[in-house]
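K.L.:
The structure that follows is given in the form of structure tokens.
The values are calculated or read from the model by the stated rules, or taken from the named source; none is laboratory data. Bear in mind that the values here come from a model prediction, so they are computed numbers and not experimental data. We place every Cβ from the backbone using ideal geometry, glycine too, and count neighbours over all the protein chains shown. Side chains are part of the model used for accessible areas, which takes the heavy atoms of the whole protein and leaves out ligands, DNA and RNA. Shrake-Rupley method; radii C 1.70, N 1.55, O 1.52, S 1.80 Å.
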Amino acid sequence: MSLVFRFQFIYRVNMLQLQQILLVVIGLLLYLLEAETTTTIRWHSAGAPIDSPAAWLNDYLPCAHDLIVFPKYYPAVLPLPPQLSIGGFVLPREGGILLAEDATIELRAGVGLNPDCGNDKGRAYLKPPKTSKWFDPGSWSMQPDSSSSGSSSLMPELERVPCDDEHVVIPSNRGALAFDLENVQFLRLGQLILAGSSISRRYLQELLGRDLGQLLFHNAEAVFVEYYRGELCGCHKDFEKLIEPVCHNVEQQCPVPHCVAPLRPFGSCCLVCGATLTIPSEHCMEEDRKSLTSFISKTIAAEDLADELQFHVNYVGSSSQYGNHLQAIILERGSYSERSVKFMEHLSALRNQSNLLKQQSQQLMLHYAGHPYNPNVSFGSVLLILFCLVLVGFVALIMLAHFLPQHPYLNRLPQWLHDPRRWRWPHLDLRRLRRNLLFNRFDNAAQAERGRTGSAGSGVEDLAVIGYDAQSGVVRERAFNNPMFEQEQEQEQAAAASLAPSTVAQPQIQSHPIKMETGDLDLIDSVEGHELTEINLDSSEAESEIEEETKK
């Protein structure tokens with residue numbers, strides 16, 4: 001009987017212990033499951049893999065017989081694929097290669113990275129490695145999150161770099177690995193997975209001081225490593241201290257806001273046009289964040305604004321200066337038209353339908369952007385454009401008046417506008433300028449016609465003087481002497497002389513008198529010691545003198 005009782009007692013005790021063990025195991029599983037669902041993973045996305053043409057000079061992938069040539073200095077660690085067929089390596093003076101445990105390198109055998117090549121031995125040159133900054137949002141990507149509806153650019157810049165409790169994964173298929181820890185005092189993260197291996201905090205701290213760590217992490221002399229496991233409220237601890245290091249890498253890429261009085265949400269480097277909702281929080285409960293996210297999502301769906309608006313909800317806290325806040329950012333997907341502001345006002349009117357907003361109605365803070373406007377077009381720029389148009393039109397009008405003085409409308413302009421000789425600036429000596437209409441110098445046919453018909457009755461002035469030689473007294477009306485034009489004039493004069501009546505002993509051939517501008521041109525000052533007068537050339541007097549000489 002005693003044996004049976006002892007057996008039953010032991011059995012009952014073991015059953016109680018087993019139940020307790022099962023409860024503990026189930027609790028741990030639930031905790032791990034919850035941790036996996038709430039912990040985000042940050043991936044390193046910068047760089048080009050070794051099997052991509054972007055990693056090689058001239059986009060040339062190496063063949064099985066080619067030598068892989070590194071740059072002379074290669075301040076990075078290059079992970080090699082598990083299977084590689086090459087002709088050999090030309091290693092750098094400084095640099096590193098990361099090989100997996102089961103990696104295989106075949107020399108001049110198998111198929112290389114470039115299968116479309118022959119058996120000729122050549123060289124493939126690697127490009128210099130690109131260093132990724134740890135606090136640069138462009139170096140990281142993350143898995144989709146239910147707290148956002150829209151692109152990742154909607155998230156504040158401080159949330160687009162690795163958070164203090166996130167798992168950071170640096171894969172080996174993204175090319176050379178090199179990170180710049182500039183302005184990083186504390187390297188905070190949840191867990192580091194480097195090339196498939198989990199790195200502990202102690203090993204990572206020791207790695208920063210070794211040669212391999214200096215190739216992986218630059219400027220890591222005074223950096224301290226800290227690991228967090230869901231102990232923070234928000235993304236970063238004391239986030240206000242990270243605004244300057246993070247914004248230093250993105251401030252040149254911020255778009256210009258197209259609104260009056262744009263907003264700067266907590267953790268953002270760029271100004272945005274939209275609306276924000278902020279609720280002070282003490283405990284940073286995950287249920288509150290999910291409740292606000294669900295309420296905003298349902299309201300957007302009820303208003304049928306899913307194609308127009310996007311939002312992001314997350315905690316911003318662990319700050320000794322600002323405290324902890326639950327922040328919601330609502331922006332428009334397209335250009336800003338105050339649709340997000342109107343939706344936030346409508347959301348505020350429906351605050352009683354949400355338990356969270358109803359409880360926090362006294363501490364609720366709403367911020368709105370101003371009216372939309374285009375910063376590239378201002379009142380001053382419009383005035384400048386109008387002034388330029390008026391100036392161009394005025395200059396064009398002066399040029400036309402200068403070269404078309406006979407125009408019935410342009411000749412109404414005051415002549416001092418387009419004639420600098422009438423400007424009363426004696427120190428510039430502008431009266432010495434000649435009014436040369438160069439556009440008329442090749443109009444020989446019109447000049448000949450005016451020579452035959454005469455220009456006394458016409459209101460059109462003669463050609464302006466092109467050149468005057470004060471020593472010889474020769475006046476040129478054309479830019480150069482045209483022999484074809486001179487021949488035509490002689491033939492016309494001979495034909496006119498043959499058709500004249502025989503009773504006339506000496507036919508008079510009237511030549512067109514050359515008249516010089518004396519009204520507009522003040523050549524008295526320009527030609528020193530010579531007086532210009534009107535010269536009439538008569539060909540009949542020259543012929544009579546020649547006949548008298550022959551008779552004698």
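K.L.:
List the trypsin sites (Lys or Arg not before Pro) within the range 337-379 that fall in a DSSP loop (any state other than H, G, I, E or B) and whose Cβ has at most 12 other Cβ atoms within 10 Å. Could you put the intermediate results ahead of the total?
P.N.:
Details: sites: ARG339, LYS342, ARG351, LYS358; in loops: none.
When the trypsin sites (Lys or Arg not before Pro) of the range 337-379 are filtered for loop state and at most 12 Cβ neighbours within 10 Å, nothing remains.
K.L.:
Stick to Cα atoms and the Kirkwood definition of Rh, then tell me Rg/Rh for the range 132-253.
P.N.:
Computed over Cα atoms, the ratio is 0.94.
K.L.:
May I pose another question? Once R0 is set to 25 Å, what does the formula 1/(1 + (r/R0)^6) return for the Cβ-Cβ distance between GLU251 and GLU287, expressed as a FRET efficiency to the nearest 0.05?
P.N.:
0.10
K.L.:
Among the listed pairs LYS298/LYS342; LYS72/LYS127; LYS130/LYS237, give every one whose C-alpha distance is greater than 18 Å.
P.N.:
Pairs exceeding the cut-off: LYS130/LYS237.
K.L.:
Under the rule a/c < 1.5 gives rounded, and otherwise a/b versus b/c splits prolate from oblate, where does the range 264-375 land using the Cα gyration tensor?
P.N.:
oblate
K.L.:
Provide LEU386, LEU187 ordered by accessible surface of protein heavy atoms (probe 1.4 Å), highest first.
P.N.:
Order by accessible area, largest first: LEU386, LEU187.
K.L.:
A further question on this structure: Using 0.36 nm per residue, how much length does the chain from ALA103 to ARG264 gain when fully extended, once their Cα-Cα distance is taken away?
P.N.:
So the extension gain works out to 53.0 nm.
K.L.:
Something else now. Calculate, for ASP304 and GLN362, the FRET efficiency according to 1/(1 + (r/R0)^6) with r their C-beta to C-beta distance and R0 45 Å; round to the nearest 0.05.
P.N.:
After rounding to 0.05, the efficiency reads 0.90.
K.L.:
Between PHE387 and HIS371, 0.36 nm times their residue separation minus their Cα-Cα distance comes to what?
P.N.:
Working: separation 16, 0.36 × 16 = 5.76 nm, distance 2.83 nm.
Once the chain is fully extended between PHE387 and HIS371, it gains 2.9 nm.
K.L.:
Cα gyration tensor of the range 64-116, axes a ≥ b ≥ c as square roots of the eigenvalues: rounded (a/c below 1.5), prolate (a/b > b/c) or oblate?
P.N.:
oblate
K.L.:
Let me ask something else. Would you mind classifying the range 309-370 by shape? Square roots of the alpha carbon gyration tensor eigenvalues, ordered a ≥ b ≥ c; an a/c under 1.5 is rounded, otherwise it is prolate if a/b is larger than b/c and oblate if not.
P.N.:
Oblate.
K.L.:
When you count, for each residue, the other Cβ atoms within 10 Å and take the mean per peptide, how do 169-176, 312-319 rank with the highest first?
P.N.:
Highest mean packing first, the order is 312-319, 169-176.
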